[in-house]
Amino acid sequence: MAKNLKSYSLTSMKNIMVDFGFEPYRADQLFQWIWQKSTEDFSVMTNISKELRKLLSEKFIISGLKKEKETCARDDSKKFLLTLEDDNHIEAVFIPEAKRKTVCVSTQVGCPLGCTFCATSLIGFERNLKAYEIADQILLIQDNLKNKITNVVFMGMGEPLLNIREVEGAIEILCSPIGLGISQRHMTISTVGLIEGIEHLLHTPLKVKLAVSLNFSDEELRKEMMPVAKKNPLRELLKLAREYSLKKNMVTFEYVIIENVNDRIVDAQRLLKLLKGIRAKINVIPYNPHPLLPYRQPAREKIEKIYQYLLTSHHTITLRKSRGQDILAGCGQLAGNKFLT
Ligand code: SF4
């Protein structure tokens, strides 16, 4: 059966060239056709000899994700339901802003971590995505919308640090000048706080930003709402985050506010105490409700009160404008094709 060339890294493509008796640099041309010029047709690759194109087309195909459905929200963000080669489904979201065009990508089909407030957890875990399946979400959206993507957030379905090798492979494709040419400084990996994964990131040359979905400043409540917290204690997590902020970039802490769960001033006070001494940005995210989950978004005044309180700290504080909520494209609302909207 013909293999999909999209699934090969640049290094593996170079090995193919050598096996075929061609110079390794031919792989750069091939990679550029696939990831920069977005073609799946060998016949248009005119700077590659006919002989090599023939050899390639006999052994390989070039095949990407398929768009199943595109839904547009009132605020112009767009949710894409995508089909993978094995007929699994994932979702990715396009978020347009004046100065940047961001895609929020999935890194797993479903998620095994079971955060109680997240719709992705409802579908369970199917499998990790391959590097090319992660990168291809951006290429497909860029081609479909004819809009150059400038920013990427690894924040869709799944926990990126559980699939870090493939996420690293995707970053290689995305930031390559013969790939999508997106700067690593415009990429953010968002994690629920996996200690082993953050330790790994600390020791790689990656320059991506780190966001930690902290959400609950009370450790017992955090364990209840995010079972993964049982094996990833706050103390150790915050120690690593501090190290990351010193060694790499300022860390963003996401604080999803849920009605009657973590929406009191005392919760915010505890949060500031935890983050003392860390170069941190706090992103306050009003909870995006899902019809199948029991949680609600607090009243506007309550959110504003917490936000104003946090502003009294020396941290950078942002209040995230919810995007795509009406099409269930917001943070924590992605659930593939299981509960179609
Ligand atoms: S919040 Fe993230 S880690 Fe938790 S269940 Fe949802 S996708 Fe998984």
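The values are calculated or read from the model by the stated rules, or taken from the named source; none is laboratory data. Source: prediction; values computed, not measured. Glycine also receives a Cβ, built like all others from the backbone with ideal geometry; neighbour counts cover every protein chain displayed.
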Can you spot a residue in segment 95-111 that is on the phi > 0 side of the Ramachandran plot and out of contact with any strand residue (DSSP E or B) (no Cβ under 6 Å at 6 or more places or on another chain)? no
Since I182 meets every condition but one in (1) within 16 Å of the ligand (Cβ to nearest atom); (2) at pLDDT 95 or above; (3) of a type in the set (A, V, I, L, M), which condition does it not meet? (1)
Could you give me the residue pairs with C-beta distances under 6 Å whose first residue belongs to segment 187-205 and is closer than 14 Å to F154 by Cα, whose second residue is more than 14 Å from the ligand (Cβ to nearest atom) and part of a loop (DSSP other than H, G, I, E, B) wherever it lies, and which are 6+ apart or on separate chains? M187/V208; I189/V208
So the check is Cβ under 7 Å with 6+ separation or different chains; which pairs have a first residue in segment 108-123 that's in contact (Cβ under 8 Å) with a residue 40 or more places away in the chain and more than 20 Å from N260 (Cα to Cα) and a second one that's among the polar types (S, T, N, Q) and more than 8 Å from the ligand (Cβ to nearest atom)? Q108/N128; Q108/N163; V109/N88
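Here is a yes/no grid of residues against (1) touching a residue at least 40 places away in the same chain (Cβ under 8 Å); (2) among the charged types (D, E, K, R):
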site: D19; (1), (2): no, yes
site: R26; (1), (2): no, yes
site: Q32; (1), (2): yes, no
site: Q36; (1), (2): yes, no
site: S43; (1), (2): no, no
site: K50; (1), (2): no, yes
site: S63; (1), (2): yes, no
site: K67; (1), (2): yes, yes
site: D76; (1), (2): no, yes
Enumeration of residues in segment 102-129 that are closer than 15 Å to D86 by Cα and of a type in the set (A, V, I, L, M): V109, L129
Members of segment 110-144 that are surrounded by fewer than 18 Cβ atoms within 10 Å (Cβ to Cβ), within 10 Å of the ligand (Cβ to nearest atom) and part of a helix (DSSP H, G or I): L122
Residue satisfying condition, being surrounded by fewer than 21 Cβ atoms within 10 Å (Cβ to Cβ), within 27 Å of F216 (Cβ to Cβ), under 13 Å from the mean Cα position of the chain (by Cα) and within 16 Å of the ligand (Cβ to nearest atom), within set T188, T107: T188
So A2 ticks every box in (1) at pLDDT 95 or above; (2) within 25 Å of D143 (Cβ to Cβ) but one. Which box is left unticked? (1)
Unmet criterion (only one of (1) modelled with pLDDT under 80; (2) within 14 Å of the ligand (Cβ to nearest atom); (3) out of contact with any strand residue (DSSP E or B) (no Cβ under 8 Å at 6 or more places or on another chain)) for D326: (2)
Specify the residue that is nearest to the ligand (Cβ to nearest atom); the eligible residues are those in segment 223-253 that are outside any helix (DSSP H, G or I) and buried (at least 20 other Cβ atoms within 10 Å of the Cβ). M226
Residue under evaluation Y307, criteria (1) free of Cβ contacts under 8 Å to residues at least 24 places away in the same chain; (2) assigned to a loop (DSSP other than H, G, I, E, B); (3) surrounded by 16 or more Cβ atoms within 10 Å (Cβ to Cβ), criterion not met: (2)
